[in-house]
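Report on one structure; see the data block that follows.
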Amino acid sequence: MPVYEYECAGCEKVFEVQQRMADGPLEICPECGGPVKKLISMSSFQLKGGGWYADGYSTTSGGNGKKSPSSSPSSPAPSSPPCQSGSEACKSCPAAN
């Protein structure tokens, strides 16, 4: 259920009420009985991140018609070991042998 914010003209109290969308707006303050008005407040809903295009749900990248990297066939893995530094830790790594 949505949460609506109201302000009382009598006691100047700001309060929130959980109401159904089909319910009518409140008209009186539950504290003092004065008239109230519905406020428009900031939503807690936020879109963050790169969006669904960046998450791989699209076949094109940036609208230029080129295929995105995720839709191209993957290249084979390199045959050389990932550690090439020659440190003591790399000598015990099975990939370095």
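The values are calculated or read from the model by the stated rules, or taken from the named source; none is laboratory data. Please read all numbers here as calculations on a predicted model, not as lab measurements. Positions of Cβ are generated from backbone atoms using ideal geometry, with glycine treated the same way; all protein chains shown enter the neighbour counts.
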Could you tell me whether Lys67 is of a type in the set (Lys, Arg), modelled with pLDDT of 65 or more and out of contact with any helix residue (DSSP H, G or I) (no Cβ under 9 Å at 6 or more places or on another chain)?
no
Pairs under 7 Å by beta carbon, first residue within 22 Å of Ser44 (Cβ to Cβ) in the range 10-33, partner in a loop (DSSP other than H, G, I, E, B), six or more apart or different chains?
Lys13/Cys29; Lys13/Glu31; Val17/Leu26; Gln18/Met1; Gln19/Met1; Gln19/Pro2; Arg20/Met1; Met21/Pro2
Close pairs (9 angstrom Cβ cut-off, 6 or more residues apart or separate chains): more than 30 Å from Cys11 (Cβ to Cβ) in the range 35-61, at pLDDT 60 or above and of a type in the set (A, V, I, L, M, F, W, C) anywhere
Ser58/Trp52
